[in-house]
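Let me begin by presenting the structure, written as structure tokens, before commenting on it.
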Amino acid sequence: MIKKQVKKNPGNPVYPIDLGNLFHLAEDSNKAIVQYENVIKQINANNISETANAFLSKRLTDYAVKTYLK
């Protein structure tokens with residue numbers, strides 16, 4: 001279901017971060033890390049704050065900082 005939302009909303013960083021969180025909750029940390037890193041690679045100037053806030057909502061402070069530094 002989350003994967004469908006990722007495909008339907010390619011510019012929305014919330015769904016890919018949710019997918020990474022799902023991987024994390026399923027104890028697949030490697031997939032979660034890859035997912036989070038892919039989100040950061042796809043950041044553009046229009047969604048920096050939204051991306052950082054999505055990371056912060058999942059208590060992923062390090063990734064929020066990476067978002068702002070990109």
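The values are calculated or read from the model by the stated rules, or taken from the named source; none is laboratory data. All of these numbers come straight from a predicted model, not from anything done at the bench. So basically every Cβ, Gly included, is an ideal-geometry build from the backbone, and we count neighbours across all protein chains shown. Areas reflect the complete protein model, heavy atoms only, side chains present, ligands, DNA and RNA absent. Shrake-Rupley method; radii C 1.70, N 1.55, O 1.52, S 1.80 Å.
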Item to complete: Would you check which residues across segment 3-27 are surrounded by 15 or more Cβ atoms within 10 Å (Cβ to Cβ), outside any loop (DSSP other than H, G, I, E, B) and not small (Gly, Ala, Ser) and list them?
Response: Val6, Val14, Tyr15, Pro16, Ile17, Asp18, Leu19, Asn21, Leu22, Phe23, His24
Discussion item. Looking at segment 42-61 only, could you name the residues that are part of a loop (DSSP other than H, G, I, E, B) and either under 11 Å from the mean Cα position of the chain (by Cα) or surrounded by 15 or more Cβ atoms within 10 Å (Cβ to Cβ) (or both)?
Written reply: Gln42, Ile43, Asn47, Lys58, Leu60
Worksheet item: Does Ala64 satisfy the criteria of being of a type outside the set (D, E, K, R), assigned to a helix (DSSP H, G or I), open to solvent by less than 60 Å² (accessible area, probe 1.4 Å) and touching a residue at least 40 places away in the same chain (Cβ under 8 Å)?
Response: no
